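Let me begin by presenting the structure, written as structure tokens, before commenting on it.
The values are calculated or read from the model by the stated rules, or taken from the named source; none is laboratory data. This structure is a prediction, so every number in the text was calculated from the model and none was measured. Please note: Cβ atoms are built from the backbone with ideal geometry, for glycine as well, and neighbour counts cover all protein chains shown. When the accessible area is computed, the model is the full protein with side chains, heavy atoms only, and any ligands, DNA or RNA have been set aside. Shrake-Rupley method; radii C 1.70, N 1.55, O 1.52, S 1.80 Å.
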Amino acid sequence: EARTVKRRTVQLFFILSFVVLVYILAAPLFFKIFFPAYLESVFYSQLIALIVLLQPRNLADMFLFAHSGLKDRYIITILSSATRLVLFVVLIALYGILGAFAAVAISEFLNSCVVFYLYWRFERTSKSTS
């Protein structure tokens, strides 16, 4: 049910927020113990960990996959891939590894916006037809 997806999305976001916070705080120690040769990578791993906060959108994405038509799947897939590709080409050329992070973060954020918009639209149209 659509209400369950909303509730679970919020719950998952808060759980992942705690996990990401713990990782960000523990990453320097973790790298010092297990990957001492790569201490300069701590910052990048902490940045990538922030992207995990956008993953609750997968619940809405799965709901759409199960209940919506192919059109929504195509919209999500094509926009996500095209956005990521363009951002990688532009931002990596300009900013290197930080550009790669920015490309992933921006494309994940935009993909989340598209998924939640399509979910909201589906939910709204299904309420009006019932």
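Data overview
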| quantity | calculated |
| --- | --- |
| Cα radius of gyration and Dmax for segment 64-130 (Å) | 15.0, 51 |
| Order of exposure, largest accessible area first, which applies to Thr83, Thr125 with probe 1.4 Å | Thr125, Thr83 |
| Label of the coordinate-derived value, semi-axes √(5λ) of the Cα gyration tensor in Å, listed as (1) 34, 22, 13; (2) 33, 20, 9; (3) 20, 19, 16 | (2) |
| C-alpha center-to-center spacing [segment 1-43, segment 68-100] in angstrom | 23 Å |
| Carbon and sulfur %, accessible surface of segment 73-117 computed with the full protein complex present, 1.4 Å | 82 percent |
| Net charge contributed by nearby residues that have their C-beta within less than 15 Å of Asp72 (K/R +1, D/E -1) | +3 |
| Calculated Rg and Dmax of segment 5-51 using C-alpha coordinates, Å | 13.2, 42 |
